[in-house]
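Some notes on the structure that comes next.
The values are calculated or read from the model by the stated rules, or taken from the named source; none is laboratory data. Since this is a predicted model, take the numbers as computed values, not measurements. A quick note on method: Cβ atoms are made from the backbone with ideal geometry, for glycine too, and the neighbour counts reach across all protein chains shown. Note: accessible area is taken over every heavy atom of the protein model, side chains too, but ligands, DNA and RNA are not part of it. Shrake-Rupley method; radii C 1.70, N 1.55, O 1.52, S 1.80 Å.
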Amino acid sequence: MRPVDTEFRPDIEGLRAVAVLAVVLFHVGVPGIDGGFAGVDVFFVVSGFLITGLLWRDVASAGHVRLARFYGARARRLLPAGCVVLVATAIGAAILLPPLQARQVLGDGIASALYVGNYRFALHGTDYLAADTPPSPFQHYWSLGVEEQFYLLWPALIIGVAWLVRRRTRHTDSDTPPSATPYLVLLAVVAAVSFAVSLDWTRTLPPWAFFSLPARAWELAAGGLVALSIRHWRRLPSVVAAAAGWLGLALIVAACIRLGETTPYPGTAALLPVLGTVLVIGAGCAAPRLGVGRGLSLPPMRAVGRMSYSWYLWHWPVLLLAPVVLGRSLVMTDRLAIILVSAGLALLTLHLIENPVRFATPLRDSTSRSLALGGTVTALAVCAALVLLVLRPVPVGHGAEAAALTVAAPPVSVAPAVDPHEAAVQEVTAQVQAAVAESAGLQAVPSNLSPPLADAPADKPAVFVNGCVRSWREVGQDECASGDVTSPTTVALVGDSHAAMWAPAFEQAAEQRDWRLETMGKVTCPLLDLPLTSPYLGREYTECEQWRGEVVARLQAERPRLIVVSMSRRYGADFGFTVFGREWLDSLTRLVTELRATGAAVLVLGPIPDPQSTVPICLSDHLDDATACSPPRPAAVNDAGVAAEAAATTAGGGRYADLTSLFCTTERCPVIVGNDLVYRDDNHLTLEHAQALTPVVAALADRALAPG
């Protein structure tokens with residue numbers, strides 16, 4: 001078989017322009033390009049085609065892969081520009097972002113410099129309690145990680161096949177051209193296995209499907225299959241090749257227009273851009289006179305294609321850091337300006353770094369120098385991020401030590417006219433209100449803040465890690481009993497992550513009162529019987545519906561004495577309903593009625609205030625003014641919604657606990673009370689603060705359990 005042609009393909013340079021334009025326009029929010037993320041898939045197929053072509057030429061001409069030469073060329077081509085942008089982004093993040101966020105971003109930068117950032121982002125994406133954190137300025141480096149990992153895997157496989165082929169053909173005529181068939185078979189197997197993994201993980205592990213090589217290798221392999229079958233593509237009649245090329249471009253455009261952020265991806269949806277790119281590249285092998293390659297080879301398209309790598313590198317950090325520089329959210333004119341700014345930076349990078357290094361004669365003539373260059377710039381990028389980590393130390397409060405929030409259990413009232421349980425609730429609530437009022441004007445973050453700001457993201461109750469809180473795709477509910485597990489008094493704590501965040505308080509109360517506590521939770525799954533779409537999964541949340549049915553049936557069978565229901569009120573319209581809307585309230589009444597029918601008392605916990613920011617990050621940037629992170633009460637609390645929920649709960653025969661006074665004064669909702677950090681993120685309580693409120697939780701439960 002004749003080797004893959006070494007002729008330069010201007011149409012592929014133009015195809016790179018299509019890919020980068022799709023990505024950039026999608027990220028800046030240009031209307032109509034909702035699926036522009038598919039541009040990355042185009043890059044993958046193009047890379048697979050070009051890299052497989054390089055490797056096959058080595059095998060076809062020399063019988064083996066010149067590995068050092070291959071990696072030297074990759075180092076010259078990718079690492080200098082990639083590391084320059086990485087260091088510039090790291091410096092910008094360290095200067096502009098709040099210290100706690102900056103340190104997280106610098107960790108992303110180190111992982112990205114080592115081309116394993118895609119797995120860091122995949123791990124981050126599977127942690128529900130981290131799912132709402134701001135995107136990293138280095139997140140786009142995930143695709144470079146996938147490609148670099150493929151560059152390690154694919155040459156090794158080709159070397160292995162070449163060795164096997166030599167062993168089997170050592171007694172045949174050495175002048176016989178090598179066959180591409182063994183390599184085609186191997187690459188087809190890789191593609192098939194990877195595609196199967198992609199289909200499965202898109203359904204079960206979306207972050208891993210999106211970010212990891214096992215679920216993306218089939219896209220690079222698709223390009224490789226074109227490179228190894230190029231002689232067959234050349235035989236296409238001109239009319240057929242032209243039609244195939246235009247059809248391919250249409251598929252890519254359709255992907256960019258028809259797909260969206262709620263599309264399960266990559267999965268089968270990625271077939272659109274992948275097959276489209278395969279058709280464009282394959283058809284271009286036949287060079288039809290009226291093919292799509294003529295349009296892609298126009299000078300403007302080629303000019304954009306030449307700077308596509310640098311543009312891809314620059315556009316994302318500029319887009320994410322621009323709001324910090326401007327001090328406001330971006331409007332469309334800002335976003336369009338960012339396109340021009342990042343394109344300008346890309347042009348400078350192309351002409352000052354990419355091309356001078358890539359085509360430098362001393363480097364092209366020396367593999368060892370090229371590899372040394374790659375190792376040096378990578379090491380410098382990692383060291384730069386490490387130095388910035390030292391210069392941006394862990395943020396620690398330096399204000400005066402604050403007294404711990406201590407809520408004393410109230411004495412038992414003996415006044416006959418006073419309901420002792422109501423009196424207990426009022427007493428402990430008053431104690432917390434006093435502490436909240438005292439902390440409302442706090443300026444400097446206390447030096448004994450608990451938990452420290454840097455530890456807050458990991459400050460999660462045990463129920464989030466021991467299976468008591470089910471993740472997105474998990475159904476069923478294992479027994480999660482605590483307290484006195486033999487007690488005849490069972491209290492069930494049920495709901496989403498906002499029920500689970502109260503588990504530390506209820507666990508302590510269960511130990512004090514000899515209850516058996518059963519915790520049943522599922523992320524982003526309120527117990528209300530509402531139709532629910534999961535923006536995390538990009539589809540109907542069938543697992544939530546199934547889990548609800550299983551939990552309600554279990555409650556009906558086990559008949560606890562008290563059922564405590566709690567849920568987040570931060571669900572947006574993308575979940576398919578409106579919090580505090582008519583459907584929400586009617587569903588709450590139905591739920592309380594259904595649970596009361598089991599004979600249990602029902603306590604519905606009201607919402608905690610919305611802090612309007614990721615609190616630890618905000619405080620790290622305002623160590624001398626904690627009030628800057630404490631939202632005004634009207635912004636944090638929907639008083640009308642709380643009142644409507646209280647009425648809906650009462651209508652179903654349950655008790656409602658309005659928790660607002662435990663967190664807010666009439667004007668403000670402080671994010672530090674005593675020495676407690678109230679929020680671990682932008683909507684969940686810290687374990688410490690939940691435990692500090694145990695006496696309140698216990699009093700509310702006692703009141704709900706009391707006869708009458």
Might you check whether a residue that is over 28 Å from residue 543 (Cβ atoms) and either modelled with pLDDT of 85 or more or out of contact with any His (no Cβ under 9 Å at 6 or more places or on another chain) (or both) occurs anywhere in the range 456-474? yes
| request: May I ask you to verify whether residue 19 is open to solvent by less than 30 Å² (accessible area, probe 1.4 Å), within 19 Å of residue 305 (Cβ to Cβ) and at pLDDT 90 or above? | output: yes
Here the residues within the range 336-371 that are in contact with a Gly (Cβ under 6 Å, 6 or more places away or on another chain) and either farther than 29 Å from residue 70 by Cβ or of a type in the set (Val, Ile, Thr) (or both) are 367
Q: Look at residue 396 and say whether it is out of contact with any helix residue (DSSP H, G or I) (no Cβ under 8 Å at 6 or more places or on another chain) and either at pLDDT 90 or above or surrounded by 15 or more Cβ atoms within 10 Å (Cβ to Cβ) (or both).
A: no
Reported set for the range 656-697 where residues are crowded, with 21+ Cβ neighbours inside 10 Å and free of Cβ contacts under 8 Å to residues at least 60 places away in the same chain is 656, 657, 659
Among 594, 550, 540, 558, the single one that is among the acidic types (Asp, Glu), in contact with a strand residue (DSSP E or B) (Cβ under 8 Å, 6 or more places away or on another chain) and more than 27 Å from residue 681 (Cβ to Cβ) is 558
Point to revise | Residue match in the range 72-81 (condition: under 26 Å from the mean Cα position of the chain (by Cα), crowded, with 20+ Cβ neighbours inside 10 Å and more than 30 Å from residue 184 (Cα to Cα)) | key: yes
Output yes when any residue across the range 243-262 is of a type in the set (S, T, N, Q), farther than 27 Å from residue 153 by Cα and either under 35 Å from the mean Cα position of the chain (by Cα) or surrounded by 15 or more Cβ atoms within 10 Å (Cβ to Cβ) (or both), and no when none is. yes
- Query: Can residue 193 be described as farther than 24 Å from residue 53 by Cα and modelled with pLDDT of 95 or more?
  - Reply: no
Checklist entry - Do we have residue 523 as within 18 Å of residue 607 (Cβ to Cβ) and in contact with a Gly (Cβ under 6 Å, 6 or more places away or on another chain) here? => result no
Over the range 267-281, the set of residues at pLDDT 95 or above and either farther than 15 Å from residue 14 by Cα or in contact with a Phe, Trp or Tyr (Cβ under 6 Å, 6 or more places away or on another chain) (or both) is 268, 269, 270, 271, 272, 273, 274, 275, 281
Selection from the range 60-97 of residues modelled with pLDDT of 95 or more and part of a loop (DSSP other than H, G, I, E, B) yields 97
When every residue in the range 228-242 that is within 14 Å of residue 290 (Cα to Cα) and outside any helix (DSSP H, G or I) is compared, the one most open to solvent (accessible area, probe 1.4 Å) is 237
Scanning the range 634-651 for residues that are outside any helix (DSSP H, G or I) and crowded, with 20+ Cβ neighbours inside 10 Å gives 637
Fill in: Meets criteria (more than 30 Å from residue 27 (Cα to Cα), of a type in the set (S, T, N, Q) and at pLDDT below 90) for residue 172
yes
Those helices (runs of 4 or more DSSP H) completely within the range 310-395 that have 3 or more residues that are in contact (Cβ under 8 Å) with a residue 40 or more places away in the chain and under 20 Å from residue 94 (Cβ atoms) are 367-391
The correct count of residues that are open to solvent by 10 Å² or more (accessible area, probe 1.4 Å) and farther than 14 Å from residue 311 by Cβ in the range 22-44 is 7
Inside the range 464-495, the number of residues satisfying the requirement of being within 22 Å of residue 133 (Cβ to Cβ) and either among the polar types (S, T, N, Q) or buried (at least 24 other Cβ atoms within 10 Å of the Cβ) (or both) is 2
Counted residues in the range 263-278 being in a helix (DSSP H, G or I) and either without any contact (Cβ under 8 Å) to a residue 12 or more places away in the chain or open to solvent by 10 Å² or more (accessible area, probe 1.4 Å) (or both) come to 6
Checked pairs for the range 529-545, first modelled with pLDDT under 90 and of a type in the set (S, T, N, Q), second open to solvent by less than 70 Å² (accessible area, probe 1.4 Å) and in a loop (DSSP other than H, G, I, E, B), C-beta under 7 Å and 6 or more apart or across chains, list as 533/541; 533/576; 534/472; 534/524; 534/541
Evaluate the following for residue 111: is it open to solvent by 10 Å² or more (accessible area, probe 1.4 Å), modelled with pLDDT of 95 or more, touching a Pro at 6+ places or on another chain (Cβ under 9 Å) and assigned to a helix (DSSP H, G or I)?
no
Going residue by residue through the range 192-200, is there one that turns out to be in a helix (DSSP H, G or I), surrounded by fewer than 23 Cβ atoms within 10 Å (Cβ to Cβ), of a type in the set (D, E, K, R) and in contact with a Lys or Arg (Cβ under 8 Å, 6 or more places away or on another chain)?
no
Checked the range 214-227 for anything open to solvent by 20 Å² or more (accessible area, probe 1.4 Å) and farther than 15 Å from residue 278 by Cβ; matches are 214
Note on the range 48-62: residues within 20 Å of residue 276 (Cβ to Cβ) and open to solvent by 20 Å² or more (accessible area, probe 1.4 Å) are 50
Only one of (1) at pLDDT 90 or above; (2) outside any loop (DSSP other than H, G, I, E, B) does not apply to residue 421, and that is (1)
